[in-house]
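K.L.:
One structure, pasted below without further comment.
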Amino acid sequence: FVMLQMSVVRGSEADNGSSEFIPSAYALGYLTIDGLFFYLQSISAYKLMDLVSPVTHSVTNCVKRALLIWISVLFWHNKVGPINAAGTFVLLGGVLLYNHQLRQKNPQPSLEKSPDIKSLETDGERDEESEPLNKNNDD
């Protein structure tokens with residue numbers, strides 16, 4: 001349906017029975033934009049995987065899919081059956097349990113124990129072995 005609206009079909013059954021499918025400029029533009037967004041999404045996914053574990057990335061992707069389902073229900077009034085609704089709620093419950101267990105296993109350090117705060121408490125005194133503040137300085 002979409003490709004029929006965004007394309008031009010030249011020729012007809014009367015012209016030797018052959019027809020030629022030529023995409024319109026709008027179709028090519030939409031495909032180019034779609035490819036660009038897919039490329040950017042892939043790059044951001046790889047960068048995100050550098051920051052978090054693969055399991056956390058996978059859980060986040062599942063939440064994204066469930067939220068997209070419910071956004072489509074609210075925005076476009078799509079019908080969702082009771083089994084699908086229960087499945088998305090089970091997914092969200094599982095994600096909440098995962099986050100709860102993750103926080104219990106690895107509690108976040110308090111602000112007072114942060115190494116950055118300790119370095120600030122030295123009142124600017126630095127070891128000679130530490131990195132210079134300005135990396136471009138050749139001194």
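The values are calculated or read from the model by the stated rules, or taken from the named source; none is laboratory data. These numbers were taken from a predicted model, which means no experiment stands behind them. Please note that ligands, DNA and RNA were not included when accessible areas were found on the heavy atoms of the full protein model with its side chains. Shrake-Rupley method; radii C 1.70, N 1.55, O 1.52, S 1.80 Å.
K.L.:
Per residue, how large is the accessible surface of the stretch 53-106? Use a 1.4 angstrom probe and give square angstrom.
P.N.:
On a per-residue basis, the stretch 53-106 sits at 80 Å².
K.L.:
Could I ask something else about it? Would you mind computing the Rg to Rh ratio of the stretch 53-106 from its alpha-carbon coordinates, Kirkwood style for Rh? Before the final figure, lay out each step's value.
P.N.:
On the way: Rg = 13.0 Å, Rh = 12.1 Å.
In the stretch 53-106, Rg relative to Rh is 1.07.
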